[in-house]
Amino acid sequence: MSDERGSPSHRRSRTHRRKRIAPILGILALLWLALAAWAFSSPVGSSPDDGYHIAMIYCDAGALECTREGTRVDACYRFDPAIPGSCEATGALSRPPGTGVISGWYPPLYYAASSLMVGDTVAQTTIFVRLLNLTLAVAVLAGSVALSRPSLRGAVALSWLVASVPMGVFVFASINPSAWAVMGIAGFWGPLLSFLTGDGWTRLSLARLAFVQVTVLMALGSRSEPPIYIGVTVVALSVFAVGWPLHRTTAAQLRRLLVPAVLGLQALLALMVFTPAKQSAERSPDATAAVAPWRVLTESLGTPSRLLADPLLGWLDTPVPPLARAAVTGAFVAACLIGLGTLYARKVWALVVFGGLTWAFLLYIWATASSPNRMQPRYFLPLLFVLAGLALLPRLGLRPRWPSPVQSLLLALAVALANALSLLNNLVRYVSGLDSDPASPASPGGLAAAGEPSWWWQSLPLSPTAVWWLGSIAFTLAAVAAVLLLPAWSRGDRRPPAVAPAPRPATAPMPATRPA
């Protein structure tokens, strides 16, 4: 038997695969650099409750004894954007203060994984954990796109693009457990929907199930809110997967619904174990008796828009420039409107169910909030990814109708502009402090001030200006390349070849009758 591995057709196939994989690896590398710029853009303690989270990481590693007694030590610059990061002194310690830290508020999986990153100093540990989280974010994005069926890959990729800036990229490059919550929920819905709408049990189906389980466990092991988001998402995807009209649903489709049922049970178990303890611990003695009904209505409807139109980074003390907010809001709305140009029964019902359950949850949260002012928009960021993804769903099995190259380029440039301006504001806020006017955006001159910056990483060979340029250019190149490659990623799903009808058995020709 001849060996076909050295044949010209086999060599052409390998060359073709390399040509397809090389741009994808380049985009992932650029995304990693862009997120790394965010990781180095702020000092130790710059994400909310970092004093608690870094202490819990050391406690889980056995390097610190966390106690309820005492006062928790948080960042000296929090709540005042005019104070730069130079006052921060915890990073130079070999371990953080462990006083005033109450364990049991969060699931243990995130801290168990992060405890592997403990270094010689708190600053070193912070950077290690940030790099771990942003690397996982890039890996989850790559796995989510690769394991989704071809017609869904564009929806998954675009949902990450338009929903990640600025809050998502800030969270991905932090030590906050919200990083795992966001990436887990943003990553699992595409492969799960691909499994629910697939045919047969193949190795690809098993790979999708394994990826879904890992990302769901990441989300459940991070915070107490993801169980609700996972439940809402699996219900909406199940409604999409059963088929419309309902009487056409097959037994195979019903059997596949056992998977979201198992995921829902996992979410319910996590909800029952971790949510009550955190709610009782966080209930403050000066909690308001009730929130006004009008505020409940307006806040529940306006929570998603605040993630785009009014995001606050850091300890809710670092505003995003108005131009960045306008650019990313326009890109998100435009992408959703383009996706809603394709509507059919399954998609409409999935959107209605997801929107209805999400609004009901937000109404409940605001109606029962013990301290409404502590409701941070980042808690609800995972829902934004799923909402964009559902709006962008194409007709499965057909080649998706995606934006034109000009529209795609405008979307990418708008999000890239928002990322660059937000990163600049975040850097200037800690290097030299922001202006007292929150509406006044930072300028590159704030990074290139004469003399040494007020705060910066001593071990980093790059200046703040170089980090900004590197992160901004890397994100722009990655976004532009990704949207231009969408048509190649989002081809129609492959269908099994039609079985040709079996040839009829040859019959002997009838002898011609001769005339008498």
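Modelled this way, with points 7 Å down the Cα-to-C-beta line, the labels at Trp359 and Val333 are 1.8 nm from one another.
Suppose R0 equals 25 Å. What FRET efficiency, 1/(1 + (r/R0)^6) with r the Cβ-Cβ distance, do Leu28 and Arg399 give to the nearest 0.05? Could you put the intermediate results ahead of the total?
On the way: r = 25 Å, r/R0 = 0.99.
Efficiency, rounded to the nearest 0.05: 0.50.
Under 13 Å from the Cβ of Gly190, count the other residues' Cβ atoms, weight Lys and Arg +1, Asp and Glu -1, and hand me the total. Overall, the nearby charge balance is +3. Computed from the C-beta positions of Ala252 and Asp435, the FRET efficiency with R₀ = 51 Å rounds to 0.25. Extending 7 Å from Cα along the Cβ direction at Ser463 and again at Asp80 yields two label points whose distance is 2.9 nm. Calculate the FRET efficiency for Ile21 and Ala139 from the Cβ-Cβ distance with a Förster distance of 22 Å, rounded to the nearest 0.05. The formula returns an efficiency of 0.90 here.
Extension gain, Ala210 to Ala481, is 94.7 nm, computed as 0.36 nm per intervening residue step minus the present C-alpha separation.
Each reported figure results from applying straightforward, stated rules to the coordinates on display, with no laboratory input. This one's a predicted model, so the numbers in the text were calculated from it and none came from an experiment. Neighbour counts run over all protein chains shown; Cβ positions are idealised from the backbone, glycine included.
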